[in-house]
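Only one structure is covered here, and it is reproduced in the block below.
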Amino acid sequence: MRYTYYPGCSLESTARPYDMSLRAVFRRLELDLQELDDWNCCGATAYTSVAETMALAVSARNLALAERDGADLVAPCSACYLVLQKTHRFLAEQPELRRRVGEALAAGNLAYTGTVRVRHPLEVLMNDVGLEAIAAQAVRSLEGARVAPYYGCQIVRPERGFDDREAPMMLDTMFRRLGAAVVDFPMKVRCCGGMLMTTAEDVGQRLSGDILACALDAGANVIVTTCPLCQINLEAYQAECGRAVGRRLAIPILFFPQLLGLALGASAKELGLPLGLVPLGAELASLAETSHV
């Protein structure tokens with residue numbers, strides 16, 4: 001199976017382990033992931049409230065380039081996935097907006113006719129490959145991992161996504177099948193605070209602190225996520241979040257293909273695990289140390 005890959009800005013910087021591990025997982029599963037040539041920033045989630053036509057034109061340029069490739073467009077970043085999905089839908093539903101964006105694209109010798117299917121890699125893995133096929137490729141059990149699956153806000157809402165909006169289960173189902181214990185985690189779709197971590201720090205720290213505390217109280221030894229912003233908020237500010245909620249918080253925050261990659265036999269280095277800011281606990285470190293090269 002062949003897919004066009006839109007990494008987005010974060011996966012080339014702060015979320016580099018997400019890019020590394022996703023590519024590793026797709027290689028292990030023999031999925032052809034071809035990076036979109038000359039892609040640009042998706043426009044991010046806030047830009048549409050500042051200059052809607054310009055923001056959608058920026059996003060639609062990626063869709064127009066992907067349309068030339070003729071394959072589904074895989075976007076792992078939650079914000080990129082949301083923005084590309086929203087752009088596709090807005091252009092389909094609003095003729096005047098489609099006309100204005102079309103004029104902007106035409107200035108760059110591009111056009112978008114609306115045929116691209118925007119996909120999230122979690123959904124691709126679960127629906128195109130299938131859970132049993134993934135399990136058949138696993139070389140080790142994830143026994144010892146006690147996972148709090150954190151979906152965040154954007155891959156299941158506000159756009160109609162591929163999983164339940166209030167109680168998504170794909171991560172739960174995947175890691176349970178691969179041998180991990182999945183803890184009861186009622187904050188799996190609660191907001192981490194997003195950019196409030198830099199604009200209203202006390203609010204952002206409290207929101208992320210509540211999520212971290214919930215996972216620890218449930219007995220988790222790792223949180224897995226699908227979102228670069230969620231990952232950095234939950235990982236990089238644990239000391240500040242701990243002060244905000246009045247307790248010590250320490251738990252590794254992994255991108256979901258990092259943990260999946262361990263089950264498939266990828267090495268810790270290949271998955272970007274040494275780049276994490278919070279050390280893996282003994283049970284997770286043992287899994288990483290025995291991973292294949």
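The values are calculated or read from the model by the stated rules, or taken from the named source; none is laboratory data. These numbers were taken from a predicted model, which means no experiment stands behind them. Here Cβ is always computed from backbone atoms with ideal geometry, including for glycine, and neighbour counts include all displayed protein chains.
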* Would you pick out the residues in the stretch 196-211 that are of a type in the set (D, E, K, R) and under 18 Å from THR225 (Cα atoms)? -> ASP210
* Asked: Looking only at the stretch 137-190, which residues are in contact with a strand residue (DSSP E or B) (Cβ under 8 Å, 6 or more places away or on another chain) and β-branched (Val, Ile, Thr)?
  -> VAL147, VAL182, VAL183
* Could you please let me know if GLY204 is in contact with a Gly (Cβ under 8 Å, 6 or more places away or on another chain), closer than 19 Å to ALA15 by Cβ and without any contact (Cβ under 8 Å) to a residue 60 or more places away in the chain? => yes
* Criterion violated by SER13 - all others in (1) in contact (Cβ under 8 Å) with a residue 40 or more places away in the chain; (2) within 30 Å of GLU270 (Cβ to Cβ); (3) exposed (fewer than 14 other Cβ atoms within 10 Å of the Cβ); (4) of a type in the set (Gly, Ala, Ser) satisfied -> (1)
* To do: Within the stretch 155-172, identify whether any single residue is at pLDDT 95 or above, aliphatic (A, V, I, L, M) and within 14 Å of the chain's Cα centre (by Cα), and answer yes or no.
  => yes
* Structure fact -> The condition of being under 30 Å from ALA266 (Cα atoms) and surrounded by 16 or more Cβ atoms within 10 Å (Cβ to Cβ) holds, among LEU82, LEU56, only for LEU82
* To do: Determine whether VAL118 is touching a residue at least 12 places away in the same chain (Cβ under 8 Å), in contact with a His (Cβ under 7 Å, 6 or more places away or on another chain) and at negative phi.
  => yes
* **Pick from the stretch 121-150, criterion in contact with an Asp or Glu (Cβ under 9 Å, 6 or more places away or on another chain) and assigned to a loop (DSSP other than H, G, I, E, B), ranking: farthest from LEU216 (Cα to Cα)** => GLU143
* **Single residue of ILE223, ILE251 found to be at pLDDT 95 or above and under 17 Å from ILE155 (Cβ atoms)** => ILE223
* Would a scan of the stretch 111-121 turn up a residue that is under 27 Å from PHE175 (Cβ atoms), aromatic (Phe, Trp, Tyr) and either buried (at least 17 other Cβ atoms within 10 Å of the Cβ) or in the same structural domain as LEU234 (by TED's automatic domain parsing) (or both)? -> no
* Report yes if GLY276 is in contact with a Ser or Thr (Cβ under 6 Å, 6 or more places away or on another chain), more than 11 Å from ALA145 (Cβ to Cβ) and either assigned by TED's automatic domain parsing to the domain that holds GLY242 or among the polar types (S, T, N, Q) (or both), otherwise no. => no
* Asked: Which ones in the stretch 254-274 are closer than 22 Å to GLY152 by Cα and in a helix (DSSP H, G or I)?
  -> PHE256, PRO257, GLN258, LEU259, LEU260, GLY261, LEU273
* Looking only at the stretch 217-241, which residues are touching a Lys or Arg at 6+ places or on another chain (Cβ under 9 Å) and touching a residue at least 60 places away in the same chain (Cβ under 8 Å)? -> ALA218, GLY219, ALA220, ASN221, VAL222
* **Residue match in the stretch 166-174 (condition: in the same structural domain as GLU67 (by TED's automatic domain parsing), assigned to a helix (DSSP H, G or I) and surrounded by fewer than 16 Cβ atoms within 10 Å (Cβ to Cβ))** => no
* Selection within the stretch 239-276 - among the polar types (S, T, N, Q) and surrounded by 24 or more Cβ atoms within 10 Å (Cβ to Cβ) -> GLN258
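Results for (1) in the same structural domain as LYS269 (by TED's automatic domain parsing); (2) assigned to a loop (DSSP other than H, G, I, E, B); (3) under 18 Å from the mean Cα position of the chain (by Cα), shown as yes or no for each residue.
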site: GLY43; (1), (2), (3): no, yes, yes
site: ALA79; (1), (2), (3): no, no, yes
site: GLN85; (1), (2), (3): no, no, yes
site: ALA92; (1), (2), (3): no, no, no
* To do: Say whether the condition of being touching a residue at least 60 places away in the same chain (Cβ under 8 Å), within 20 Å of the chain's Cα centre (by Cα) and assigned by TED's automatic domain parsing to the domain that holds VAL189 is met by at least one residue in the stretch 133-143.
  => no
